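See below for the structure under consideration.
Where a number appears in this text, it was derived from the coordinates with a stated rule and is not lab data. Being a predicted model, the structure only gives us computed values, none of them experimental. In this analysis, Cβ positions are derived from the backbone assuming ideal geometry, glycine residues included, and neighbour counts consider all displayed protein chains.
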Amino acid sequence: MATAAFGLMMLLIGHSVVLTSATKYVVGNRTGGWTFGASCNWPSNPGKHFKANDTLVFKYSAGHHNVVRVTKAGYRNCTAAEGARVYSSGNDQIKLVKGKNYFICTYPNHCTFGVRLSVTAI
Ligand SMILES: [Cu+2]
């Protein structure tokens, strides 16, 4: 019984280590969330070292923006692949993958005017 409790405790400790090793970042925290100019001052301000499995939280008024993960070309050209998943809740949590991660808003002209983001996760 004591062994089982100890095992459970170690399991819980192991889980909490896994949980705390991933970080959540609210996009554009200094500029009002996921909106025009969201990428200004973010994520380049100090203290951010993104890792794979970290979560980006995109906050905005639902119906005013959306979030779509795109390729580098999609980021540059402000185009999303056909059938790409569209996040639109206004509080979208998206996990980073290792390497470059690109996101845009697909509302007309929004990406062109800065509602786009690229971050690199190690
Ligand atoms: Cu938008």
Q. Convex hull volume of the Cα atoms in region 38-122, per residue, in Å³?
A. 92 Å³
Q | Potential extension, Val97-Lys51 segment - 0.36 nm per residue separation minus Cα distance | A | 15.8 nm
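Around Ala121, with a cut-off of 11 angstrom between Cβ atoms, what is the net charge of the other residues, counting Lys and Arg +1 and Asp and Glu -1? Let's see the in-between values first.
Values: positive: Lys48, Lys51, Lys95, Lys98, Lys100; negative: Asp54.
My count for the surroundings of Ala121 gives +4.
Ranking Trp34, Trp42 by Cβ neighbours within 10 Å, fewest first, what do you get? Before the final figure, lay out each step's value.
Numbers: Trp34 30, Trp42 18.
Placing the least packed residue first, the sequence is Trp42, Trp34.
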Q: Could you please rank Cys78, Cys105, placing first whichever residue has the fewest other Cβ atoms within 10 Å of its Cβ?
A: Cys78, Cys105
Q) Thr71's amide H: which non-local residues (gap 5+, or another chain) put their own amide H closer than 5 Å, with H modeled 1.01 Å from N in plane and none for Pro or chain starts? A) Ala81
Q: Give me the net charge of Ala52's neighbourhood, meaning all other residues with Cβ under 9 Å from the Cβ of Ala52; Lys, Arg count +1, Asp, Glu -1.
A: +2
